[in-house]
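Asker: Sharing a structure with you now.
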Amino acid sequence: MYPVKQKFFVLGLSRSGCAAAEFLLGRKAKVYIYDDVPGEGVEKAARLLEEKGAERISKEQLAHMQEICDVLVLSPGIPIDHPTAVAFKRSGRAVAGETELAARYMRCPVVAVTGTNGKTTTVSMIEKILSEGGIKAHACGNIGAPMTGFVNLPETEVAVAEISSFQLETLGSLCPHVGVVLNVTEDHLNRHYNMDNYIFLKSKLLKNSTEAEYAVLNFDDGIVRGFAEKTKARVLYFSVREKVYGAYLENGGLYFCGERILSASDLLTDGLHNIQNALAAIAAAKVMGVSSESIARSLASFKGIRHRIEYVGSADGVKYVDDSKGTNVDATVKAVGCMKEETVLLLGGKDKGYDYDKLFVRLRSSPVVHAVLYGENRFRLFESALRCGFDRITLCADFAFAVRLARMVAERGQTVLLSPASASFDEFASYEERGDKFVAIVRTFEEESFRAKEEGAGEREAASVGEERQPSPGGDSDDASGKGGEDE
């Protein structure tokens, strides 16, 4: 690419789309922008980019942009088979994403993490370990900070990038020093059509790796383990089942190549999946040269991430846990597995093409005593629940109403878990927005509970005072000494 001499069309003004446009404008490129999603956020982003030199096009011009521009920069939320992307490819034009732009200009080493579940947690773990171990590290990519913002990092610093399957659709140049693949389970099939396509996209993370790079692979996942045969990188594994070359769980301890790093009980995050994330982070950190002592300290103080099995409050003896990041069946199964009390589960949202039968079969032998199904896919969830013999369910359309229903259903000592097994886009812009809404509603529950307790205490106090003022059985308000009674 030659930004000064080429024309770029940025389709989609998401966070990464805006970052790509700004990146190109900063390199004196001619940039056209377009987004047909209505909203104040898009309008504000478009105006800011126009002020910096971008040219906004109309819907009528969209069909002809492949005749004007050399490169289409596609936002991750727009699929690779979008008509505009197809038109660019047929015209022999390039199609790239914001992450691809960053990969072509990145100077510093990259630790890249992909997988169906656990990406954000593992990236956060690795960033913390490296930073506290003397290596300045920056979390970026799908975690929220676009990679183009880190292309000028010096070679002494490290970009720790979360890479999604959406980003991998348009990513071809990335060669991470350490590529981590956590797991591959059914997800985004409404976009990728089938598991073969999804698996291929995940394997792309390692396609440019040479013998000078490293691949950290989940030995316990047969699909991921098979990636070792397709990469030239030096392979390290992580496992909670076997003693492997790399990081593994043995007798309650987390080890790396025979050396005990820390005890699993030292981790603040619950669940076997978080032990797997920690093992992957250990392997990546050891490759990067961090000491075992430093790794142990960092992991022992890691508190987890927002919206991932996060305790957010309690009211009337019921606990509330936010797992809005649980957007697929496997993530929800793992979240349910972390519940220690009887649980009322909130399920639903935007359908992603899953087979929900797997979920409800697992729920039958789980702590879940009731499920509140809401959102666009509630009837698909309902049909699957009935097929699988799980009939402790309630249906409603609205998310906020569903949370209030869960409160009504839940009994003292139980937990309400939001782990939707679905995308948020039927009602929200992101899983973060959905999780924030859940937390806000829980805060109102806590306030209502507190006020009710205060009012109840006031009523009891008033009743107590009233009892003290009652006349004696003889009808006389004087005490036994014959003196008149006094109010306290």
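Asker: At 7 Å along the Cα-to-beta-carbon direction for both Tyr2 and Glu67, put a label point, then send me their distance in nm to one decimal.
Answerer: That separation, rounded to one decimal, is 2.4 nm.
Asker: Which Cα, out of Leu417, Gly353, Asn377, lies furthest along the positive dipole direction of segment 310-444 (beta carbon charges, K/R +1, D/E -1)?
Answerer: Leu417
Asker: Hey, what does the equivalent ellipsoid look like for segment 1-107, semi-axes from the Cα gyration tensor as sqrt of 5 times each eigenvalue, largest first, whole Å?
Answerer: 18, 17, 13
Asker: Only Cα pairs under 8 Å and at least 6 apart count here; give the relative contact order of the chain as a rounded whole percent.
Answerer: For the chain, the relative contact order is 10 percent.
Asker: For the chain, what does the helix formula give at 222 nm: sum of -39500 (n - 2.57) over DSSP H segments with n ≥ 4, over the residue count, nearest 500 deg cm²/dmol?
Answerer: -11000 deg cm²/dmol
Asker: Taking 25 Å as R0, compute the FRET efficiency from the Cβ-Cβ separation of Glu259 and Lys230 and round it to 0.05.
Answerer: 0.30
Asker: What does the charge add up to near Asp70, with Lys and Arg as +1, Asp and Glu as -1, over the other residues with Cβ less than 12 Å from its Cβ?
Answerer: +3
Asker: Next up: For Leu346, what residues show an amide H to amide H distance below 5 Å, using hydrogens built from the backbone and excluding near sequence neighbours?
Answerer: So Leu346 has HN proximity to Val372, Leu417, Leu418, Ser419.
Asker: Please say if segment 154-242 is rounded, prolate or oblate, where rounded means a/c under 1.5 for a ≥ b ≥ c the square roots of the C-alpha gyration tensor eigenvalues, and otherwise the choice is prolate for a/b larger than b/c and oblate otherwise? Could you put the intermediate results ahead of the total?
Answerer: Working: a/c = 1.80, a/b = 1.18, b/c = 1.52.
It is oblate, given that a/c is not under 1.5 and a/b is not larger than b/c.
Asker: Would you mind checking segment 407-427 for residues with the amide N under 18 Å from a putative spin-label position 7 Å along Cα→C-beta of Glu455?
Answerer: 408
Asker: Hey, another quick one. Taking only C-alpha pairs under 8 Å that are 6+ residues apart, what is the relative contact order of segment 231-313 in percent?
Answerer: Reported relative contact order: 23 percent.
Asker: May I pose another question? What's the magnitude of the charge dipole for segment 7-96 around its Cα centre, counting Lys and Arg as +1 and Asp and Glu as -1 at the beta-carbon? Answer in Debye, nearest 20.
Answerer: 340
Asker: If you add up the charges near Glu213, with Lys and Arg at +1 and Asp and Glu at -1, over every other residue whose beta carbon is less than 12 angstrom from its beta carbon, what do you get?
Answerer: +2
Asker: Give a residue-ordered list of calculated ³J(HN,Hα) values for segment 61-75 (Karplus: 6.51 cos²θ - 1.76 cosθ + 1.60, θ = phi - 60°; whole Hz; x for Gly, Pro).
Answerer: Per-residue couplings from phi come out as 7, 4, 5, 10, 5, 5, 7, 9, 9, 8, 9, 9, 9, 9, 5 Hz.
Asker: Now, a different point. Fewest Cβ neighbours within 10 Å first, please rank Asp220, Asp266, Asp323 accordingly. Mind showing how you got there, number by number?
Answerer: Working: Asp220 18, Asp266 15, Asp323 27.
Fewest to most other Cβ atoms nearby, the residues stand as Asp266, Asp220, Asp323.
Asker: Taking only Cα atoms of segment 310-444, what ratio of Rg to Rh do you get with Rh as the Kirkwood inverse-distance radius?
Answerer: Radius of gyration over Kirkwood radius for segment 310-444 works out to 0.92.
Asker: Which of Tyr311, Phe401, Phe23 sits farthest toward the positive end of the charge dipole of the chain, with +1 on the Cβ of Lys and Arg and -1 on the Cβ of Asp and Glu?
Answerer: Phe23
Asker: Using Cα-Cα distances under 8 Å and only pairs 6 or more residues apart, what relative contact order does segment 111-232 have, in percent?
Answerer: Taking the mean separation of contacting Cα pairs over the length of segment 111-232, I get 29 percent.
Asker: Separate question: Once the other residues with Cβ under 11 Å from the Cβ of Arg234 are scored (Lys, Arg +1; Asp, Glu -1), what is the net sum?
Answerer: Values: positive: Lys232; negative: Glu211, Glu213.
Here the charged neighbours net out to -1.
Asker: List the extent of the Cα atoms of segment 1-54 along each of their three principal axes, largest first, rounded to whole Å.
Answerer: Result for segment 1-54: principal-axis Cα extents of 33, 18, 14 Å.
Asker: Dipole magnitude of segment 310-444 about its Cα centre, charges +1 at Lys/Arg Cβ and -1 at Asp/Glu Cβ only, in debye to the nearest 20?
Answerer: 260
Asker: Where does each of Ser91, Ser165, Ser366, Ser173 land when they are ranked from fewest to most other beta-carbon atoms within 10 angstrom?
Answerer: Going from least to most buried by this count: Ser91, Ser173, Ser366, Ser165.
Asker: Kirkwood hydrodynamic radius, computed over distinct alpha-carbon pairs, for the chain: how many Å, to one decimal? Show your work: numbers first, answer last.
Answerer: Details: mean 1/r = 0.0399 Å⁻¹.
Final number for the Kirkwood radius of the chain is 25.1 Å.
Asker: Next question, about the same structure. Among the lysines, select those whose C-alpha is under 19 Å from the C-alpha of Lys453, and discard any that sit fewer than 8 residues away in the same chain.
Answerer: In chain and number order, the partners are Lys319.
Asker: On a full-extension model of 0.36 nm per residue, what is the gain between Phe200 and Asp357, subtracting their alpha-carbon distance, rounded to one decimal in nm?
Answerer: Here the answer is 54.0 nm.
Asker: A follow-up question, please. Given H placed 1.01 Å from N in the peptide plane, which residues other than close sequence neighbours of Glu55 have an amide H under 5 Å from its amide H?
Answerer: When sequence neighbours closer than 5 places are left aside, the close amide H contacts are Val31, Tyr32, Ile33.
Asker: Loop only per DSSP, at most 16 neighbouring Cβ atoms within 10 Å: give me the chymotrypsin sites (Phe, Trp or Tyr not before Pro) in segment 227-334, ordered by residue number.
Answerer: Sparse-neighbourhood loop chymotrypsin sites (Phe, Trp or Tyr not before Pro): Tyr245.
Asker: Run the dipole for the chain about the Cα centre, Lys and Arg Cβ at +1, Asp and Glu Cβ at -1, nothing else charged, and hand back the magnitude in debye, nearest 20.
Answerer: With only Lys, Arg, Asp and Glu charged at Cβ, the dipole is about 2860 debye.
Any read-out appearing in this document is the output of simple, stated calculations on the displayed coordinates, not a laboratory observation. Bear in mind that the values here come from a model prediction, so they are computed numbers and not experimental data. Note that each Cβ is placed from the backbone with ideal geometry, even for glycine, and that neighbours are counted across all protein chains shown.
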